[in-house]
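So the structure is just underneath, and the comments pick up after that.
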Amino acid sequence: MRTLARSVALLASLLVLAAAPATAATPKAATPKAAAPKAATRSWTGSWATAPTSTPPTVVTVFEKQTIRQTVHLSSGGGAVRIRLSNEFGDQPLVIGEARVARPAGSDGQRIDPRTDHRVTFGGRTSVTVPAGAPLLSDPVALPVPAGGDLVVSLYLPRRTPGSTLHAFSFQHNFVAAGNATASAAIRPTATMDAWYFLTGVSVASKERRAASVIALGDSITDGANTTPNADHRWPDLLARTFRDHAGLRRLGVLNAGISGNRLLHDPNPPAGSDAESYAAFFGQSALRRFDRDVAAQPDARYLVVLLGVNDLGHPGTTAPASEKVSAADIIEGHRQLIARAHDRGLKVYGATITPFKDDTFGFYNPENEAARQTVNRWIRTSGAYDAVIDFDAALRDPRHPDRLLARYDSGDHLHPNDAGTSAMAAAVPLRLFR
């Protein structure tokens with residue numbers, strides 16, 4: 001994980017913002033209520049999502065009297081939007097002074113189209129306090145958005161605010177500006193971040209009776225590691241693009257619940273004194289622990305794709321204690337739990353095979369781990385426990401050396417696929433599973 005440690009250290013240097021002087025702000029009068037949008041019959045479908053994590057103790061990111069302007073790529077469109085904010089890893093209330101949404105002007109993420117700019121309200125109020133440990137849904141915003149388009153969300157943080165809840169590996173450039181710049185057509189960034197802060201979901205109002213959300217629950221391969229930044233080339237993005245090309249599937253939104261470094265069975269637990277202490281928190285809670293938030297709570301969830309297990313094999317002895325070593329049987333039982341919980345909620349759940357990683361640069365590979373991978377994949381393919389199988393292993397492996405990634409799909413670390421590899425993954429998903 002030395003390579004990852006260096007990259008995370010670089011990320012941390014980008015994330016750290018100079019805290020403004022801790023002078024007390026002059027108390028302001030309570031924000032008056034804005035007129036709440038009239039209620040209307042509508043079906044809300046997830047269009048974009050990310051899974052939040054906490055931050056390592058050594059990464060100190062503080063916002064104060066600053067605006068965060070963040071871009072997200074929508075999978076499905078609709079006549080109105082609703083955003084989900086999260087303070088789920090915060091230990092103090094999160095004060096949002098103002099929030100606005102707009103469609104972008106250009107591709108740099110800094111500019112918005114003023115004609116599409118809308119203030120976001122929360123119970124009719126233009127500012128809101130999110131309790132520690134809680135998420136918050138906004139009121140509907142009457143902003144038509146196209147499928148496959150981008151949405152810019154600007155949040156003003158008037159008080160000293162630690163960046164305690166985030167998704168650290170966005171592979172999307174986002175920006176910080178001084179003061180309340182939420183309504184500015186163009187901002188002057190004071191910092192650039194490859195992370196999403198406090199924003200975890202966007203849903204759209206759809207008139208499509210069969211609209212539904214497809215959730216991709218996974219690790220860095222689902223999160224988009226080593227794909228081109230700002231290109232939306234994660235395999236769930238490309239699957240959403242495929243859906244849009246088929247009239248019968250345009251009703252589907254695709255939500256990315258991947259977290260780099262995530263494990264099925266264990267939370268982050270870096271060995272004391274190791275480099276992993278500076279980044280392991282970004283790996284997020286175990287998939288079993290976060291299932292209710294990142295899968296079951298998604299709007300209009302109907303389908304779940306699970307790609308997990310490689311970090312359960314590779315982390316013990318590298319970024320986790322060797323005592324957390326797991327067997328193929330342990331991983332299979334974890335998958336069974338996800339299947340049971342998905343079925344309890346009426347979801348169709350599809351199992352994806354673990355992709356090859358021989359000679360990876362993280363130290364994951366050894367013959368024992370490879371044997372466990374093969375055992376888990378055999379179970380996914382043949383047990384019938386999943387409603388269907390998506391064979392990412394077959395799509396990415398070298399036919400002559402099936403324990404390796406095919407060279408043209410290898411990003412260079414022999415574990416993560418490149419843009420061509422994520423395209424091959426999206427192409428390997430049988431569309432009949434969603435008709």
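Structure notes:
- Within the range 360-393, being touching a helix residue (DSSP H, G or I) at 6+ places or on another chain (Cβ under 6 Å) and of a type in the set (S, T, N, Q) holds for T361, N369, T375, N377.
For every residue, the table says whether it meets (1) out of contact with any strand residue (DSSP E or B) (no Cβ under 8 Å at 6 or more places or on another chain); (2) among the hydroxyl-bearing types (S, T, Y); (3) under 20 Å from R241 (Cβ atoms); (4) in contact (Cβ under 8 Å) with a residue 12 or more places away in the chain.
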| position | (1), (2), (3), (4) |
| --- | --- |
| D387 | no, no, no, yes |
| F392 | no, no, yes, yes |
| A420 | yes, no, yes, yes |
| A426 | yes, no, yes, yes |
| V429 | no, no, yes, yes |
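- Assessment of the range 119-128 against the conditions (at pLDDT 95 or above, touching a helix residue (DSSP H, G or I) at 6+ places or on another chain (Cβ under 7 Å) and not hydrophobic (A, V, I, L, M, F, W, C)) yields no matching residue.
- Within the range 394-406, tally of residues that are surrounded by fewer than 21 Cβ atoms within 10 Å (Cβ to Cβ), touching a strand residue (DSSP E or B) at 6+ places or on another chain (Cβ under 7 Å), of a type outside the set (K, R) and not in a loop (DSSP other than H, G, I, E, B): 1
- Within the range 291-340, being over 23 Å from D391 (Cβ atoms), among the polar types (S, T, N, Q) and either assigned to a strand (DSSP E or B) or open to solvent by 10 Å² or more (accessible area, probe 1.4 Å) (or both) holds for Q298, T318, S323.
- For the range 177-192, the set of residues classified as within 25 Å of the chain's Cα centre (by Cα) and of a type outside the set (A, V, I, L, M, F, W, C) consists of T182, P189, T190, T192, listed by residue number.
- Picking from residues in the range 105-130 that are open to solvent by 40 Å² or more (accessible area, probe 1.4 Å) and part of a strand (DSSP E or B), the one that is nearest to T192 (Cα to Cα) is R111.
- Residues of the range 239-282 that are hydrophobic (A, V, I, L, M, F, W, C) and open to solvent by 10 Å² or more (accessible area, probe 1.4 Å): A247, V254, L265, A272, A281.
- Within the option set P430, P417, being surrounded by fewer than 19 Cβ atoms within 10 Å (Cβ to Cβ) and not acidic (D, E) holds for one residue only, P430.
- Residue match in the range 191-207 (condition: on the phi < 0 side of the Ramachandran plot and modelled with pLDDT under 95): yes
- In the range 370-393, the residue that is surrounded by the fewest Cβ atoms within 10 Å (Cβ to Cβ) out of those that are of a type in the set (D, E) and part of a helix (DSSP H, G or I) is E370.
- For R234: the one exception among (1) among the charged types (D, E, K, R); (2) touching a residue at least 60 places away in the same chain (Cβ under 8 Å); (3) surrounded by fewer than 24 Cβ atoms within 10 Å (Cβ to Cβ): (3)
- Any chance I354 is open to solvent by less than 60 Å² (accessible area, probe 1.4 Å), in a helix (DSSP H, G or I) and within 26 Å of L255 (Cβ to Cβ): no
- Single residue of the range 141-161 satisfying the filter (within 22 Å of the chain's Cα centre (by Cα) and outside any strand (DSSP E or B)) that is farthest from H233 (Cα to Cα): P146
- The listed residues are R82, R115, and the only one of them that is within 30 Å of E208 (Cα to Cα), free of Cβ contacts under 8 Å to residues at least 12 places away in the same chain and not polar (S, T, N, Q) turns out to be R115.
- Taking the range 228-253 as the range and being of a type in the set (K, R), touching a Gly at 6+ places or on another chain (Cβ under 8 Å) and outside any helix (DSSP H, G or I) as the test, only R234 passes.
The values are calculated or read from the model by the stated rules, or taken from the named source; none is laboratory data. Since the structure is predicted, the reported quantities are computational estimates derived from the model, not experimental observations. Here Cβ is always computed from backbone atoms with ideal geometry, including for glycine, and neighbour counts include all displayed protein chains. Remember, those area values only see protein heavy atoms, side chains included, never the ligands or the DNA or RNA. Shrake-Rupley method; radii C 1.70, N 1.55, O 1.52, S 1.80 Å.
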